[in-house]
Ligand code: DX5
Ligand code: ZN
């Protein structure tokens, strides 16, 4: 069965001085999931925020908190993010030696588990864990910063992951450089969850920006003409 189209605004591109209101704005503008980028300055060359901030913004929406952990190690922090209000926690396949353990821990905490792979990591890296994930995040840029350009070669990998998943109940998320121009490429390759930071918050026109991305993806999925 086809997985639903999900638009996940990345708060990385929002005004951090007003993060609570930005979460509310992203919700009211039609964002389905709130994508929260956690960076440690070690796994990726940038630092963002931790579980206390996730907890602080949790009351601003009832929508899914999609927490993308770009940290290594991730295991010591999984419980804190679960308690902070994450609904879905994604760890990178490259971030630690015991991927099953991380994913099983997330599920044992009662949360949905996701596995992410960088552009340089082959699709095969997720094959051994497809039985313990709810989502595969195919990074379409190298993680660490917003506003980068979509890497078109990742489309082949999205197709490979799509084929591996078959009919299983697993979402394919894309993250990095997603715009009304690139979302259709990812959608046609099999992605159904679209993270967008700069293209969503650009100019404060969140609703119009979000609709443009959603419509472009929906058209590529054959859902609208
Ligand atoms: C990048 C983050 C993304 C980022 C995407 O490392 O994982 O979620 O916010 O930003 P844009 O949509 O601007 O490429
Ligand atoms: Zn992200």
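The values are calculated or read from the model by the stated rules, or taken from the named source; none is laboratory data. No experiment lies behind these values; they were computed from the predicted model shown. Note: ideal-geometry Cβ built from the backbone for every residue, glycine included; neighbour counts use all protein chains shown.
So which pairs qualify, if the first residue must be in the range 166-190 and within 16 Å of residue 129 (Cα to Cα) and part of a strand (DSSP E or B), the second must be within 12 Å of ligand 1 (Cβ to nearest atom) and at pLDDT below 95, the Cβ gap must be under 6 Å, and the two must be at least 6 apart or on different chains?
Between residues of the range 166-190 that are within 16 Å of residue 129 (Cα to Cα) and part of a strand (DSSP E or B) and residues that are within 12 Å of ligand 1 (Cβ to nearest atom) and at pLDDT below 95, there is no close pair.
Going by what's in this entry, would residue 39 be described as closer than 23 Å to residue 116 by Cα and at pLDDT below 95?
Working: closer than 23 Å to residue 116 by Cα: yes; at pLDDT below 95: no.
Criteria not met by residue 39.
Quick one: how many residues across the range 10-29 are in a loop (DSSP other than H, G, I, E, B) and more than 12 Å from ligand 1 (Cβ to nearest atom)? Write out each step before concluding.
From the range 10-29, those in a loop (DSSP other than H, G, I, E, B) are 14-15, 29; that's our starting set.
Imposing the further condition that a residue be more than 12 Å from ligand 1 (Cβ to nearest atom) reduces the set to 15, 29.
Residues flagged as in a loop (DSSP other than H, G, I, E, B) and more than 12 Å from ligand 1 (Cβ to nearest atom) within the range 10-29 amount to 2.
Just to be sure I understand, how many residues within the range 122-135 are in contact with a strand residue (DSSP E or B) (Cβ under 6 Å, 6 or more places away or on another chain) and under 12 Å from residue 168 (Cα atoms)? Lay out the reasoning, then the answer.
Start the filter on the range 122-135 by keeping residues that are in contact with a strand residue (DSSP E or B) (Cβ under 6 Å, 6 or more places away or on another chain), which leaves 125-126, 129, 133-135.
Pick out the ones that are also under 12 Å from residue 168 (Cα atoms) and you get 133-135.
Summing the residues that are in contact with a strand residue (DSSP E or B) (Cβ under 6 Å, 6 or more places away or on another chain) and under 12 Å from residue 168 (Cα atoms) in the range 122-135 gives 3.
Please go through the range 1-15 and pick out each residue that is more than 15 Å from ligand 2 (Cβ to nearest atom) and either over 26 Å from residue 220 (Cα atoms) or more than 16 Å from the chain's Cα centre (by Cα) (or both). I'd like the intermediate steps shown before the answer.
At the first step, the residues of the range 1-15 found to be more than 15 Å from ligand 2 (Cβ to nearest atom) are 1-5, 15.
1, 2, 15, listed by residue number.
Going by the structure shown, is residue 30 at positive phi and either more than 16 Å from ligand 2 (Cβ to nearest atom) or surrounded by 13 or more Cβ atoms within 10 Å (Cβ to Cβ) (or both)?
Judged against the criteria, residue 30 is a match.
For the range 45-62, check the following and say yes or no: at least one residue is within 14 Å of ligand 1 (Cβ to nearest atom), without any contact (Cβ under 8 Å) to a residue 60 or more places away in the chain and crowded, with 24+ Cβ neighbours inside 10 Å. Before you say what the answer is, go through the steps one by one.
Filtering the range 45-62 down to residues within 14 Å of ligand 1 (Cβ to nearest atom) leaves 45-49.
Going one step further and asking which of them are without any contact (Cβ under 8 Å) to a residue 60 or more places away in the chain, we end up with 47-49.
Within this subset, residues satisfying the condition of being crowded, with 24+ Cβ neighbours inside 10 Å are none.
The answer is no, given that none of the residues of the range 45-62 is within 14 Å of ligand 1 (Cβ to nearest atom), without any contact (Cβ under 8 Å) to a residue 60 or more places away in the chain and crowded, with 24+ Cβ neighbours inside 10 Å.
Does residue 168 fit the bill of being in contact with a helix residue (DSSP H, G or I) (Cβ under 6 Å, 6 or more places away or on another chain), over 21 Å from residue 94 (Cα atoms) and away from ligand 1 (no atom under 16 Å from the Cβ)? If you could, list the steps in order and put the result at the bottom.
Numbers: in contact with a helix residue (DSSP H, G or I) (Cβ under 6 Å, 6 or more places away or on another chain): no; over 21 Å from residue 94 (Cα atoms): yes; away from ligand 1 (no atom under 16 Å from the Cβ): yes.
No; evaluated as a whole, the condition is false for this residue.
From 161, 195, which residue is touching a residue at least 12 places away in the same chain (Cβ under 8 Å) and closer than 23 Å to residue 131 by Cα?
Just a single option satisfies the conditions, and that option is 161.
Does the range 71-81 include one or more residues that are more than 27 Å from residue 167 (Cα to Cα) and free of Cβ contacts under 8 Å to residues at least 24 places away in the same chain?
Quick first cut of the range 71-81, residues more than 27 Å from residue 167 (Cα to Cα) only: 71-81.
From what is left, the residues that are free of Cβ contacts under 8 Å to residues at least 24 places away in the same chain are 73, 76.
The answer is yes, given that some residue of the range 71-81 is more than 27 Å from residue 167 (Cα to Cα) and free of Cβ contacts under 8 Å to residues at least 24 places away in the same chain.
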